[in-house]
Amino acid sequence: AYLNALTNKGVHVVTVNDYLAKRDAVWMGQIFGFLGLSIGVIQHESGYVYDESFKADAEDDEKRDRTGDVIVQMDFLRPASRKDAYAADITYGTNNEFGFDYLRDNMATTKERMVQRPLNYAIIDEIDSILIDEARTPLIISAPAEESGELYVKFSQIIKNLKVDEDYNIDEKMRAATFTDEGLSKVERALGIENLYAEGLAQIHHAEQALKAHAIFKKDRDYVVQDGEVKIVDEFTGRIMEGRRYSEGLHQAIEAKEGVEIKRESMTLATITFQNYFRMYEKLSGMTGTAATEAEEFSKIYELEVVEIPTNNPIQRIDHVDKIFKTEKGKWLAVVDEVKARQEAGQPVLVGTASIERNELMDQLLTQAGIPHQMLNAKNHESEAQIISEA
C-alpha cells in the first residue's frame, strides 16, 4: 500500500464510520506525513487534508451536518474539497462515501466535476462485513417520480386479505413472495380485470410490491413507525437509518400497509452494490477477526487469499458446544435462567436479539423473572448513550 501511494496511484482506506476515518487519518497522518505522503479524508458533505499546521476551532465541535450528527473537527485536518481529498496519496472514508462518490462521478456532466481518481487500491476494515454480509446492499441515487399513492392503497387493501400458502408462497431464504394461481385470480377479481399481466407493467409492479410489503417486511424487525413515518432499521446495527427509503415503490407499499402518509415515489438514477463497486479496484485487501470462516467466499468471489495471524498470547476463551432446544419458548426461558445465575454471581450480561420483536419478548421475560435490566433497540436509540454509560 505504501509503494502504491508513492507511485501516485492512490490508496483508499475504508473505515467502519466517519469518526474512525478522521481519527485514523490524524494518527497515521503523522507517520505518513513524515514519510512524505499526503493524507485525505472523505466525510458526509465535506473533505479534509492532513496539515500539521492546522488547529481546529473549539466552536467547530458543536456544528452539525445535514443528518443532525455533530461534526467533530480535529487538529491537523484542514477542510478541503472532496477532489483535493481524493488527490491525496492515501484517502480515508467509509464504504458509503466512496461508493456514492463513484455514482456521482458517473453522473457528472463534465470531467471537472468528477472527484475520484481511477480505483487503484482499497484496504477495508471489517472486510467480511462489507464484502460478504453487505455485499448485495445497493447504493442508490434517486429523484422524485410521478404521484401514484392511490394505487398503493388500493393494492394494499387487496393483498391484506390474501392467505399465505394458499394465495401466495414465501421464500424466506431469498426474501421473495410469489402469487399462486388462486391468489392471482383473487387479485384480478378484486380489480375487475381478466388478466393482470395484460394490464401493463404498472399494475404488476404495484401488485408485487404490495405483496412483498405484507409478506416479507415485518414491523419492528425491518422497519418501525415513528412520528407518522416508516423508518428503516439497519439489520446489522439495529439502528434507525434516518433519511433512507426502500426503492422501486417498496417504501410506498409499506406506508400504505401501515396507513401512514404515502410520500412521492423515487426514480433510480444510479445504483451499484458494494460487491460490484469494490471488485473494480485493481488491488483489494482488508482485515477482520472473522475472515477464516469466510475464506471460501473471499476466494471464489474476490480471488482473495485469507491469512490467519496468530494471537500474541494463547487463547483463553472456552468454546462450549451449542445447546439445542425443542421449542423457541424453551430456549428463551433457558436464556433467562442463565442471565439470572450470572447476575446473582455479580457478572453483567449483554443479550443480543435478531429483531425488535424478540427484543421486547426478552424484556417481558426478564421483567417477569424479576431481573433488573435495560432494553435498547431502534425504538429508544436516543437513550443509547445514557444506557451504556450506566452499564
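Observations on the structure shown:
- Spacing of the modelled spin labels on I193 and I141, each 7 Å from Cα toward Cβ, amounts to 3.4 nm.
- The long axis of helix 356-368 is offset from the longest Cα principal axis of the chain by roughly 80 degrees.
- Ranking by accessible area, most exposed first, for E294, E182 with a 1.4 Å probe: E182, E294
- Net charge of Cβ neighbours under 10 Å - reference N377; Lys, Arg +1; Asp, Glu -1: -2
- Measuring between their Cα centroids, region 196-221 and region 329-370 lie 37 Å from each other.
- Values [x] 1.17; [y] 1.82; [z] 1.00 are given for comparison; Cα Rg over 2.2 N^0.38 Å, derived from the coordinates here, is the one labelled [x].
- Against the compact-protein benchmark of 2.2 N^0.38 Å, the Cα-based radius of gyration of region 245-311 scales to 1.79.
- Gyration tensor (alpha-carbon) shape descriptor, region 279-325, a/c threshold 1.5: oblate
- Sparsely packed loop sites in region 322-391 (the GluC sites (Glu not before Pro) outside DSSP H, G, I, E and B with at most 14 other Cβ atoms within 10 Å) comprise E390.
- Expressed as a whole percent, the accessible surface of region 322-376 that belongs to carbon and sulfur atoms is 52, based on a 1.4 Å probe.
- For region 275-363, averaging the sequence separation of C-alpha pairs within contact (under 8 Å, six or more residues apart) and dividing by the residue count gives a relative contact order of 13 percent.
- A simple count of charges around E194, restricted to other residues whose Cβ falls under 15 Å of its Cβ and scoring Lys, Arg +1 and Asp, Glu -1, yields -1.
- Placing a label point 7 Å from the Cα of E166 along the Cα-to-Cβ line, the residues of region 183-213 whose backbone N sits under 17 Å from it are 183-190.
- Distance violations [Cα-Cα > 30 Å] among K231/K340; K160/K323; K111/K283; K300/K331; K160/K231: K231/K340; K160/K323; K300/K331
- Against the chain, whose longest principal axis comes from its Cα atoms, helix 95-107 is set at around 80 degrees.
- Acute angle (nearest 10 degrees) that the helix 18-34 long axis makes with the longest principal axis of the chain, alpha-carbon atoms: 20
- Remark: region 121-268 projects, on average over all directions, an area of 10.6 nm² (convex hull of Cα atoms).
- Spin-label zone in region 274-307 - amide nitrogen under 14 Å from a point set 7 Å from the Cα of T7 along the C-beta vector: 282-284
- K55/S185 FRET efficiency (R0 56 Å; Cβ-Cβ; nearest 0.05): 0.20
- Bridge orientation summary for the chain: considering DSSP beta bridges with both residues in this region, about 55 percent are antiparallel.
- The residues packed around Q203, meaning those with a beta-carbon under 11 Å from its beta-carbon, carry a net charge of -2 if Lys and Arg are +1 and Asp and Glu are -1.
- Solvent accessible area, Å² - S389, 1.4 Å probe, full protein context: 90
- Accessible-area value, F179, 1.4 Å probe, nucleic acids and ligands omitted, Å²: 40
- Sparsely packed chymotrypsin sites (Phe, Trp or Tyr not before Pro) within region 271-377, loop by DSSP, other Cβ within 10 Å at most 15: F325
- Mean-position separation - Cα centroids, region 103-146 and region 245-300, in angstrom: 11
- Accessible area in the full protein assembly, largest first, 1.4 Å probe, for S129, S142: S142, S129
- Rounded, prolate or oblate (a/c below 1.5 giving rounded, otherwise prolate when a/b exceeds b/c) for region 89-193 by Cα gyration tensor: oblate
- Solvent-accessible surface (1.4 angstrom probe) belonging to T271, in square angstrom, nearest 10: 80
- Normalised radius of gyration (Cα atoms, divided by 2.2 N^0.38 Å) for region 117-167: 2.08.
- Sequence of L333, L103, L304 from largest to smallest accessible area, 1.4 Å probe: L333, L304, L103
- Here the sum of -39500 (n - 2.57) over DSSP H runs of 4 or more residues, divided by the residues of the chain, equals -10500 deg cm²/dmol at 222 nm, to the nearest 500.
- Extension reserve of the E297-V225 stretch, reckoned as 0.36 nm per residue once the Cα distance is removed: 22.3 nm
The values are calculated or read from the model by the stated rules, or taken from the named source; none is laboratory data. Please read these numbers as outputs of a predicted model, since none were measured by experiment. Quick reminder, even Gly has a Cβ in these numbers, built from the backbone with ideal geometry, and neighbours come from all protein chains shown. Remember, those area values only see protein heavy atoms, side chains included, never the ligands or the DNA or RNA. Shrake-Rupley method; radii C 1.70, N 1.55, O 1.52, S 1.80 Å.
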